[in-house]
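> Quick one: structure below, then a few questions.
The values are calculated or read from the model by the stated rules, or taken from the named source; none is laboratory data. This one's a predicted model, so the numbers in the text were calculated from it and none came from an experiment. We place every Cβ from the backbone using ideal geometry, glycine too, and count neighbours over all the protein chains shown.
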């Protein structure tokens, strides 16, 4: 577990979408911490103010999200789609997100998984982001005429709970055992005071990460699920595998 | 498509298993060419002389395999299990292969896929190799007491035909479009004269590779199927994805 | 096959949703008969009047549904969503059904399966009910501010035909061989005269039930499909299994 | 590879749906050529003018589609749903397509596959067509009161790319090696000049067809994916299988 | 339901394998009756005498099998592998069956399904037959040197119970509603007196067939599961589909 | 979390099979503790002495297993099959285990899961136990002539690691939050000193149990995987479901 060197190449930004103010942090905050530490820019797009949740006011929750993003080294914006617990799958939403993709021009995109048996907004947002990533490439889309098309490199899904992990996609385990990453991530989760005071979400996430770490031969790891096959130029890029037990 | 630089780090060797003298070449020869070009050592273990095939004598087929391995920059050995078309799943075989794994001490292992609806020897060998990779790690195995345990880094499956591609594992596409790789690979396949004169196997493989290349945004690519989740330390290792159509 | 004793504990009510006036009866009427016989309250919510069907007027069909519900010992209400064969997946529908869940406060909920290759209204209603069961728990949903949140215990899917049986969920077989259950159920199905006079639906359901009964070691059984893992406090709750052939 | 005799029986028409002006040709044009050659009438319904694509104006693209349909011996109509890249799953669309099914009264229907990870319009159209094929049978649908119900015989999905091939449906391989079929098909694909000049789509499709041909023991074959089980009166109808490698 | 005309072409024989004396009759006897009625030769290979079953002596059971085969118009032979309830997956068995395939030279082969959760002999025999069908084609197999290689046309699996139906292969429904077929089949099942007197196997099979018939739009149908994609020269061969409910 | 009352009815014994001395404890020890606490007899059959493992001598490991079984309130026997890391799937093994099933006559049987990508002995033992449970029912098996046939009620699989959890079977979550159960289980795991001193297996299992507990709405739960559908006489048996996040 050696410190993470800043990359000497400029890394394309990472863009993460969340349906609610805390989804990104709970689902993949450790990966964000890892990437920003290495010098990659990260930007969050939050698609509701969490106004249908049992705990916390919209104002509180947005403030918590801003604090958490800052802790993770990410910028953040809040957008309006249909409101918390009201999200619908609409092409207009996909075009709106495609416009953001063309503006931010990320290499890597993170979105909630498509598994339906979770908060309904999560899987819907995942599908909207997936479609947005295609639409961002099509030159003739009149609503986006002013911004040049953009092709992302990779779309990964994150899972806010174990139930949301796709069973038909092989995971990639991101090792987050480098010093300070788990601490930063934990702080970002705990910034969502309105949520963590009600339920033991932080423990849930750390337990998942420990299990994946044990699989990966490190102390902590987070599973991401690539939407499309990975492409490598050499197997040297894939020198580690998870098979420790 | 720039030339492939020799790696400045020493890469752990690659070890590929084939049930018949031509399986490795037809299933993943382009990947072998790519890796040896970059300076990685590669070794082939062939588990029969192809004596049950319709075309070619065992002597001819072994000579073809030796020629092909040389063209790909790999060393080769022929071992005896149960004979062509007679392979059985036996622990004794897995222990024998585990012994080879402890001797060669590879980072990456390649084996035929586990899909059963193909030549029966292929899926059986894949399962034997998978189990061998575990046994190689166990310290108390008395048959292997003399060689120290070894844990491989990654086991990938290759598919000799489209039918053999696993549907439950997400593929990794290895870009083989660098200059000369496809030509070297084709020469290695054509070294199996006894087989290629009877059926158009080379065209089959090149067509598959073109389709995967079109997915990967390059001219040619080969799909491998990782047995276990990939582990990365940074998403920068996975900067490309297949989503071109 | 001994008679069913009334439960001495008060059982939480069962709430069943049907897209058309006869779906609940044909899909799981035998289970309803079994549960009401044991003293559990059952309530049906029918989401159209069957006005797009080939046989029967809306008025006839509603009358048939009321008669069938009475035979099964259930109460019934008819609600308006988008009309027969016009159902759309809308959050507004899920919120409406969540309101009903908060009013009825059931332990067990039954809904048509999510398999899409059947009457389009069935799978859509199944998804709306699944999402409604989540929304019913969220405290901040402004449309439902007046009724306290409610968490159901279990959501089961029923399949109106064999095609609609999910392949990715393990079934639970409910033994309905106790005296009188099949007769009551058959009477309830036959109450849908407009439908049964046109096609042999009753025979279809009884044949399915006989097959499941043979699996379960009883004369008749109905398969339900739990949306979430079952939770037990002891294996004594699960003392029977289906493995008779 | 003997010439295709005109059928002496009148074959029920084939109806193919495409989301964009070139989808049918690229996805299953060879099958169309094969069927019209045998005397079956074929009709295309194109659901957008391709106005969101990167290449070609709507006017050009419609002209290309008309030319391609004529080369394949098919009639064609262009309809308006939500526009290219804007398609939504709406019951109103399914009813509109059900009206076309009642007018054309086909035996065989072709639609894009339901796999979601492709152009979003494709999977959506596939689902709309599948639902339309059910609605076309229901007698009480008031919007379609004037046209008598119609039950199609078979719904097949086609896949515009390998990614779109369903993994949960067993394919049927249609042998298109009879003289002239591939040439006619290629001409129809090349009629889409605005598309083929930008990317090597024709090579992609021919490579896929060669691979399927090698599986089927012929020079070229196209995979279709039946939505429902096939029904035969005798195994003599199924005298060939794909198992050549 | 018109009578079945004798085919004017000579149909390649059908070869069915059963692990026990009654498996073929219970699993697919109706298909056998249908095919022999049309003039196709059928041959049964029974791989044990049922000596581990609870009911019937080996002698009785073989006599029952001979009677049933005669009723279905099939010839029969009994072979020895490892004995009832003792079958192992051995290459020697696959080669033995490959020898039978080369002798009988069938077009169509029927074998028990590969689903493992049934009588262990069934799935094992299915796998042995599948591998035998490949080995029968390989020219160099020394044990079979005296008989010329043979490539079958199609391998179908049958399922003795619902549990044994594969979930990953799309079924083909064989309509057996032509006059007399069900009666002949029932007589063949009832010839297994030692089995049918103990359990209601005949009712089980007829119920399954009725359900498949209702799917197929006929009175009775049997589901078979093709091991490999079907190949057709025209969609006219597939003019019927199952989608009646 | 109230104390567990002794059952007033006599519960059929539980029989658990382990490939190595610690598999049962690590895979499902908490369930054993829960069941014996309620008065159910439990018996362990251990099929090797762990002699191929990296840590611990066979003598030590057997002693650890005996101590752990005693802590869990279970009896134990050690049997010889092919030795640690040498297990083969043989009918003779299945018959041997069927003999044990006839002797112990359990209601519930626990075996390692069938997922192949784990220690090879685990999946093999799972398959042998599954087949043994069928053979135990067949009256004519000559090796077991002296003991009367026995039909178990339920076969559940346990998973020693997350990787071994079957993806095609819906889990049942057993709540083990009653006082003292986790402590007893932990003591039993820690009895395997030779293993726990080398790796953090106990933490791994507790983390898994916490995650399942969070799903189940309790502090700790263990997932078991039923081989066959559950059969219930009333939905009152299934009054809890896992859907807490």
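> May I ask you to list the residues in the stretch B:196-206 that are farther than 20 Å from residue B:74 by Cβ and assigned to a helix (DSSP H, G or I)?
B:203, B:204, B:206
> Right, something else. Is at least one residue of the stretch D:12-25 without any contact (Cβ under 8 Å) to a residue 60 or more places away in the chain and either over 30 Å from residue D:217 (Cβ atoms) or within 14 Å of chain A (Cβ to nearest Cβ) (or both)?
The answer is no; no qualifying residue exists.
> A follow-up question, please. For the stretch A:82-96, name all the residues that are touching a residue at least 40 places away in the same chain (Cβ under 8 Å) and more than 14 Å from chain D (Cβ to nearest Cβ).
A:84, A:87
> I'd like to know if the stretch A:102-110 contains one or more residues that are outside any loop (DSSP other than H, G, I, E, B) and within 9 Å of another protein chain (Cβ to nearest Cβ).
Yes, that holds for at least one residue.
> Additional query: With respect to the numbered conditions (1) within 23 Å of residue E:79 (Cβ to Cβ); (2) at pLDDT below 95; (3) surrounded by fewer than 24 Cβ atoms within 10 Å (Cβ to Cβ), which one is the sole condition not fulfilled by residue E:148?
All conditions pass for residue E:148, except number (2).
> Restricting attention to the stretch E:44-58, report how many residues are within 18 Å of residue F:134 (Cβ to Cβ), surrounded by fewer than 24 Cβ atoms within 10 Å (Cβ to Cβ) and either without any contact (Cβ under 8 Å) to a residue 40 or more places away in the chain or more than 11 Å from chain F (Cβ to nearest Cβ) (or both).
2
> Next question, about the same structure. Would it be correct to say that residue C:218 is farther than 21 Å from residue E:201 by Cβ, out of contact with any helix residue (DSSP H, G or I) (no Cβ under 8 Å at 6 or more places or on another chain) and surrounded by 20 or more Cβ atoms within 10 Å (Cβ to Cβ)?
no
> Now, a different point. So in the stretch C:134-161, with the set limited to residues that are in contact (Cβ under 8 Å) with a residue 60 or more places away in the chain and within 13 Å of chain A (Cβ to nearest Cβ), which one is farthest from residue A:121 (Cα to Cα)?
That would be C:157.
> Go through the stretch E:172-203 and count every residue that is under 17 Å from the mean Cα position of the chain (by Cα) and at pLDDT below 95.
2
> Condition first: more than 26 Å from residue F:150 (Cβ to Cβ), at the interface with chain F (Cβ under 7 Å from one of its Cβ atoms) and free of Cβ contacts under 8 Å to residues at least 24 places away in the same chain. Now tell me which residues in the stretch C:201-243 satisfy that.
C:229, C:231, C:233
> Given the conditions (1) within 14 Å of chain B (Cβ to nearest Cβ); (2) touching a helix residue (DSSP H, G or I) at 6+ places or on another chain (Cβ under 8 Å); (3) crowded, with 19+ Cβ neighbours inside 10 Å; (4) closer than 19 Å to residue F:90 by Cβ, and given that residue E:124 satisfies all but one, which numbered condition is not satisfied?
(2)
> Additional query: Is it the case, given these coordinates, that residue E:116 is within 29 Å of residue F:137 (Cβ to Cβ), more than 13 Å from every other protein chain (Cβ to nearest Cβ) and under 18 Å from the mean Cα position of the chain (by Cα)?
When the stated conditions are applied, residue E:116 does not pass them.
> Moving to a separate point now. Starting from the stretch C:172-195, keep only residues that are assigned to a helix (DSSP H, G or I), then list their pairs with residues that are surrounded by fewer than 19 Cβ atoms within 10 Å (Cβ to Cβ) and modelled with pLDDT of 95 or more whose Cβ atoms are within a distance under 6 Å, requiring at least 6 positions of separation or different chains.
Here the result reads C:194/C:60, each pair linking the stretch C:172-195 to a residue that is surrounded by fewer than 19 Cβ atoms within 10 Å (Cβ to Cβ) and modelled with pLDDT of 95 or more.
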